[in-house]
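Asks: To start, I am sharing the structure in question, which I have written as structure tokens.
The values are calculated or read from the model by the stated rules, or taken from the named source; none is laboratory data. Here the structure is a predicted model, which is why all the values come from computation and not from measurement. Cβ placement follows ideal geometry from the backbone for every residue including glycine, while neighbour counts extend to all protein chains displayed. Accessible surface areas use protein heavy atoms only, side chains included; no ligands, DNA or RNA. Shrake-Rupley method; radii C 1.70, N 1.55, O 1.52, S 1.80 Å.
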Amino acid sequence: MSNDKLLRVYAFPLGGRFMSIAQAKRFTLDEYHRLTELGFFHEDDHIELINGEIIELEIRRKFNYEISLFSGVDFTVDSQRGLNGFCDFILSLSSEQLLVRSPVIVLVESKNENLRSGLAQCIAEMVAAQLFNERGGNKIKAIYGAVTIGTIWQFLQLEGNVVSIDLSEYYIKEIKKILGILYSAIAQSKP
């Protein structure tokens, strides 16, 4: 097998290098309710107060509905290469909500207890997405992945045949960082 067909994996602390982080103001529950009374939020806003931070949970709206999110869909790309099965979550740069369309930019693998057990599966999903995008005429620079157990997240990036694994673990109490990394991955993938 030639070297250009090998997948190289590097693991090192990236410190969320996919994004920049701004300090957020922490709100009390009373301040949150007061902002609501004053009309700072629209009734259709999908927001929550988590650890004192007001978090917007609607990622599609943030990107003007130009992305799609799929959960638990069959993502069989190449059965002969073992690139088949169900993905927990797929984000695509397509407004299409019925079928997964390229380019697929983020894949999230959800596990019950062990983050490490999902890394190989997430990498396989990212390789499948890369092939899926190429076949769809939407070759993009990087595919992003995440493995989560719900309370802890770890991020990956596939560029060419190189996988980078961020050794940092992001806890749900850092929801702004987690969402920021996802937002940044999407923003960097947009043409």
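Asks: Which residues, taken from the range 81-98, are open to solvent by 40 Å² or more (accessible area, probe 1.4 Å) and out of contact with any Phe, Trp or Tyr (no Cβ under 9 Å at 6 or more places or on another chain)?
Replies: 81, 82, 88, 96, 98 - these are the residues of the range 81-98 that are open to solvent by 40 Å² or more (accessible area, probe 1.4 Å) and out of contact with any Phe, Trp or Tyr (no Cβ under 9 Å at 6 or more places or on another chain).
Asks: Next question. Please specify each residue of the range 154-191 satisfying the condition of being of a type in the set (Ser, Thr, Tyr) and over 17 Å from residue 68 (Cα atoms).
Replies: Answer for the range 154-191, where residues must be of a type in the set (Ser, Thr, Tyr) and over 17 Å from residue 68 (Cα atoms): 164, 168, 170, 171.
Asks: Go through (1) over 23 Å from residue 63 (Cα atoms); (2) exposed (fewer than 13 other Cβ atoms within 10 Å of the Cβ) and name the single condition residue 191 misses.
Replies: Looking at each condition in turn, residue 191 falls short on (1).
Asks: Determine if the range 128-140 includes at least one residue that is farther than 23 Å from residue 79 by Cβ, open to solvent by 30 Å² or more (accessible area, probe 1.4 Å) and of a type in the set (D, E, K, R).
Replies: no
Asks: Next up: Looking only at the range 141-160, count every residue that is over 21 Å from residue 113 (Cα atoms) and open to solvent by less than 30 Å² (accessible area, probe 1.4 Å) and tell me the total. Give the steps one after another, and end with the answer.
Replies: We begin by selecting, within the range 141-160, every residue over 21 Å from residue 113 (Cα atoms); these are 141-144, 157-160.
Narrowing the set further to residues that are open to solvent by less than 30 Å² (accessible area, probe 1.4 Å) leaves 142-144, 157-158.
The number of residues fulfilling the criteria is 5.
Asks: Residue 109 fails exactly one of the following numbered conditions: (1) charged (D, E, K, R); (2) within 24 Å of residue 62 (Cα to Cα); (3) open to solvent by 50 Å² or more (accessible area, probe 1.4 Å). What is the number of that condition?
Replies: Among (1) charged (D, E, K, R); (2) within 24 Å of residue 62 (Cα to Cα); (3) open to solvent by 50 Å² or more (accessible area, probe 1.4 Å), residue 109 violates only (3).
Asks: Still on this model: Among the numbered criteria (1) modelled with pLDDT of 90 or more; (2) not basic (Lys, Arg); (3) not in a strand (DSSP E or B), which one does residue 99 miss?
Replies: It fails just one condition, (1).
Asks: Within the range 165-174, can one find any residue that is more than 23 Å from residue 61 (Cα to Cα), open to solvent by less than 40 Å² (accessible area, probe 1.4 Å), of a type in the set (Val, Ile, Thr) and modelled with pLDDT of 90 or more?
Replies: yes
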